[in-house]
Amino acid sequence: MSFTGKYELQSQENFEPFMKAIGLPEDQIQKGKDLKSISEIVQDGKKFKVTVTTGTKVLKNEFTIGEESEIEMLNGEKVKAVVQMEGNNKLVTQVKGMKSVTELNGDTITHTMTLGDLTFKRVSKRI
């Protein structure tokens, strides 16, 4: 199953508490909470390019399944991470005590990030 495509954010849960927990400033949280982000994913075998555009902020990450890559987090911090593929539709990584799972089902991508007992969930649809 290919992740390649453009996806528009449909819904999100726990945005504000999660962003506070990872240290995003309050003004950025307020600006970002109502913006519909667009995610563009290009998959070439095990190589991925992910671009997330939210308003004027653009977050770009490139990684290869199973290899250490530098990933920019939502708060702008750059960290080393290894992304693994589970099955043919799930990307999983652990970064700084946070688990990130991106699952593709048909034209819907569900991205869940868990930090301690706090879970932030985003659902995006292919456009």
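The values are calculated or read from the model by the stated rules, or taken from the named source; none is laboratory data. Keep in mind the model is a prediction, meaning the values are calculated, not measured. Please note: Cβ atoms are built from the backbone with ideal geometry, for glycine as well, and neighbour counts cover all protein chains shown. Ligands, DNA and RNA are stripped out before the accessible areas are found, and what is left, the full protein with its side chains, is counted by its heavy atoms. Shrake-Rupley method; radii C 1.70, N 1.55, O 1.52, S 1.80 Å.
Tabulated values for the structure
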quantity	calculated
Top-ranked residue of the stretch 1-38 - restricted to ones that are hydroxyl-bearing (Ser, Thr, Tyr) and assigned to a strand (DSSP E or B), ranked as farthest from Lys90 (Cα to Cα)	Ser11
One residue from Thr119, Thr112 being within 24 Å of Gln10 (Cβ to Cβ), under 10 Å from the mean Cα position of the chain (by Cα), open to solvent by 30 Å² or more (accessible area, probe 1.4 Å) and among the hydroxyl-bearing types (Ser, Thr, Tyr)	Thr112
Among (1) farther than 25 Å from Gly116 by Cα; (2) under 14 Å from the mean Cα position of the chain (by Cα); (3) open to solvent by 60 Å² or more (accessible area, probe 1.4 Å), the one test that Thr56 misses	(2)
Subset tally (residues that are of a type in the set (Ser, Thr, Tyr) and closer than 22 Å to Val42 by Cβ) for the stretch 113-126	1
Wholly enclosed strands (runs of 3 or more DSSP E) of the stretch 50-127 bearing at least 3 residues in contact (Cβ under 8 Å) with a residue 12 or more places away in the chain	57-64, 68-72, 78-82, 90-95, 98-105, 108-115, 118-126
Of all residues in the stretch 1-49 being open to solvent by 70 Å² or more (accessible area, probe 1.4 Å) and touching a residue at least 40 places away in the same chain (Cβ under 8 Å), the one that is farthest from Thr108 (Cα to Cα)	Asn14
Criterion: open to solvent by 60 Å² or more (accessible area, probe 1.4 Å) and within 13 Å of the chain's Cα centre (by Cα) - qualifying residue of Lys80, Lys99	Lys99
The stretch 83-96, residues that are surrounded by 15 or more Cβ atoms within 10 Å (Cβ to Cβ) and either more than 19 Å from Lys49 (Cβ to Cβ) or polar (S, T, N, Q) (or both)	Asn89, Thr93
